[in-house]
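Just so it is clear, none of the values below were taken in a lab; they were calculated from the coordinates. This is a predicted model, so every value here is computed, not measured. For neighbour counting, all protein chains shown are included, and Cβ atoms are generated from backbone atoms with ideal geometry for every residue, glycine included.
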Amino acid sequence: MNSKRSVFLAIFAAFLAAGILVTHSAALSVSTSAVNFPGLTLNGYDQILAGSTAAWQVDASGEAGGWHATILATNFGNGAGGIIDVGYLEFRLADANISLVSGDPVLPTSTQTSFVPLSGTAIKFISAASGTSDGIYDFLPEFQLTVPAETYYGTYTNTITIAINTGP
Amino acid sequence: MKIFRSSKRIFLVIVFAGSMLGSFVDSVIAQSSTGISFGIRPTKALEGQEETFSYFSYRVSPGSVFDDEALVLNDGDEAVTLKIYAADGVTARNGGTDFTEFGGASTGASLGSHAWISLSVNEITLAPGEEQKIPFRVSIPADASAGQHIAGLVVEAIPEVSTLDSPDAADGEAQFNVKVIRRVGVAVVMDIPGEQISSLEIDNIFLYQQEEDGTTFAVDLRNTGNVFLQSSGFFVVTDRTAENLITTIPLQFDTILPGDAVTFYVPRAARFADGEYLLSVFLEHEGKKVVLEGVGMKIKNGQPELEGVVRENIFSPEEIEVFFADAEKEAGSVWITIAVASFVLAFILGGIIYWVGGKKEAKKSRHVLR
């Protein structure tokens, strides 16, 4: 009888501990890596550069109500009047580039699998429906920049904003 | 023997508890290895409002004032300083709630809703693993109109900057420096009583781009009501006579906030041959149908050219209904297949258990006879 009680108590304690920890970890958050483009020699023609970045990560542990992430960007400017319009910067996330780290094996899905120009209006690129994708996921987005033929030399800077949101 | 069995059970329970604990610790380590990580969420959920587990949602009267709090967490392994602010809700391209940047304004019905929220702080520094409750006050203007007004609480980290080969580009060279700003937002939905209007318009449809690996269409929608809505339906391409259906793409469009206009991209994994086509979109929301049909599309040497609406009344309401009915039937048949498969599986399993049980019984009776 005593051993049965201890088994029951151990199971109860295990569930309680697991429950408290999972509740504690319920914070929707995102980790990103820097986005790099190689420098290039201007030659009077349009040139396409592929951006590189390491895997980004969403922690949606305990987030059962659904979530999504968006991206927006600004123009590139060289500080001396030279501008590369943000529309030359394209982005996509292939479904094959989303992977499970831990948690619900139902992966979030990409909502932008083909390259699309970025703009000052955010675009949703990954989402999880309510009741799914309660876990940690890595994803590797792809960036592509077309440097127009008429670009002046210089160091161009822009800003990308990544947001992860819960809402209707 | 009994003692051995129960200690074995206890051992299994400990292993189980350990593995659950282990999976939690694993997740934290996995996250920490990629740098700072932070979030924001409500501190409590309201009974009967499931959405409040994920975001703030209030049914409130004009002129009301109330207090609440948000929980801001640092899940990473280093201290983090975060900007925290209220923002207007906006709809992202492809749908879904997003929030304006600091100081920005919505162009929809949520314009200015950020000003209804006042926060006790605008910056916060958290140690690794630390969490802090941030009080805020919501003051609904006395003249707030009926319907849903969406704002958000946003936490934002200082930007991450890409590395450059050298600080200055040489003559004839260009180099690129990208700052990445990270934000986490949680919606604050303020639902003001009164007439709730759900209304959707399709502004435009067009072929956005055609490349070697496929085609992307774009559909421009506008929420002309005062509540947020989702819609589903079909993108239909026919030949110019509208006699032959070329392709039908099912659509599931995410949330559009009241008053917002938004573009949804619709991919198709195939190119269109040169020729003339008609594009149509049928959508359904809250049981209402919205249609835009007969947009002309010409493709010459692989290059699309849009002509606007060239033909109206292609599909009768009954024909449009058939698209939705077929989809429902298809969804129903999937469930029937699953139900039949489950029944067969259960039947087979039951048979195996019965057969194994019978064999054991026979063995036992042989043993007794001996």
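Suppose R0 equals 41 Å; then what is the FRET efficiency for B:LEU46 and A:LEU140 from their Cβ-Cβ distance, rounded to the nearest 0.05? E between B:LEU46 and A:LEU140, to the nearest 0.05, is 0.60.
Classify the stretch A:36-137 as rounded, prolate or oblate from the Cα gyration tensor: take a ≥ b ≥ c as the square roots of its eigenvalues, call it rounded if a/c is under 1.5, otherwise prolate when a/b beats b/c and oblate if not.
On the way: a/c = 2.95, a/b = 2.35, b/c = 1.25.
Prolate is the answer for the stretch A:36-137, as a/c is 1.5 or above and a/b outweighs b/c.
Computed over neighbours whose Cβ is under 9 Å from that of A:GLY154, the net charge equals -2, Lys and Arg +1, Asp and Glu -1.
What ranking of A:VAL147, B:VAL262, B:VAL65, B:VAL184 emerges when the number of other C-beta atoms within 10 Å of each C-beta is taken as an exposure proxy, fewest first?
B:VAL65, A:VAL147, B:VAL262, B:VAL184
If I take R0 = 35 Å and measure r between the Cβ atoms of B:GLU312 and B:GLU211 in this structure, what FRET efficiency does the formula 1/(1 + (r/R0)^6) give, to the nearest 0.05? With a Förster radius of 35 Å, E is 0.70.
Arranged from highest to lowest average of other beta-carbon atoms within 10 Å per residue, in what order do the peptides A:63-73, A:111-121 appear? Write out the running numbers ahead of the final one.
Working: A:63-73: 24.7, A:111-121: 18.5.
Ranking, from highest mean packing down: A:63-73, A:111-121.
According to the square roots a ≥ b ≥ c of the eigenvalues of the Cα gyration tensor, what is the shape class of the stretch B:61-158, taking rounded for a/c under 1.5, prolate for a/b larger than b/c otherwise, and oblate for the remainder? It is oblate, given that a/c is not under 1.5 and a/b is not larger than b/c.
Spacing of the modelled spin labels on A:VAL106 and A:SER52, each 7 Å from Cα toward Cβ, amounts to 3.7 nm.
If you count, for every residue in A:108-119, the Cβ atoms of partner chains within 10 Å of its Cβ, what is the mean? Kindly include the intermediate steps, with their values, before the conclusion.
Details: counts 0, 0, 0, 10, 5, 5, 11, 3, 9, 1, 1, 1.
That works out to 4 on average.
Rounded, prolate or oblate: which fits the stretch A:112-162, taking a ≥ b ≥ c as square roots of the Cα gyration tensor eigenvalues, rounded meaning a/c under 1.5, else prolate when a/b beats b/c? Prolate, because a/c is 1.5 or more and a/b exceeds b/c.
With a Förster radius of 22 Å applied to the C-beta separation of B:GLU328 and B:SER199, the computed FRET efficiency comes to 0.40.
Counting Lys and Arg as +1 and Asp and Glu as -1, what is the net charge of the other residues whose Cβ lies under 9 Å from the Cβ of B:ASN94? Could the numbers behind the result be given before it?
Working: positive: A:LYS124, B:ARG93; negative: B:ASP254.
Its environment carries a net charge of +1.
Charge tally for B:VAL262 (other residues, Cβ to Cβ under 12 Å; Lys, Arg +1; Asp, Glu -1): -3.
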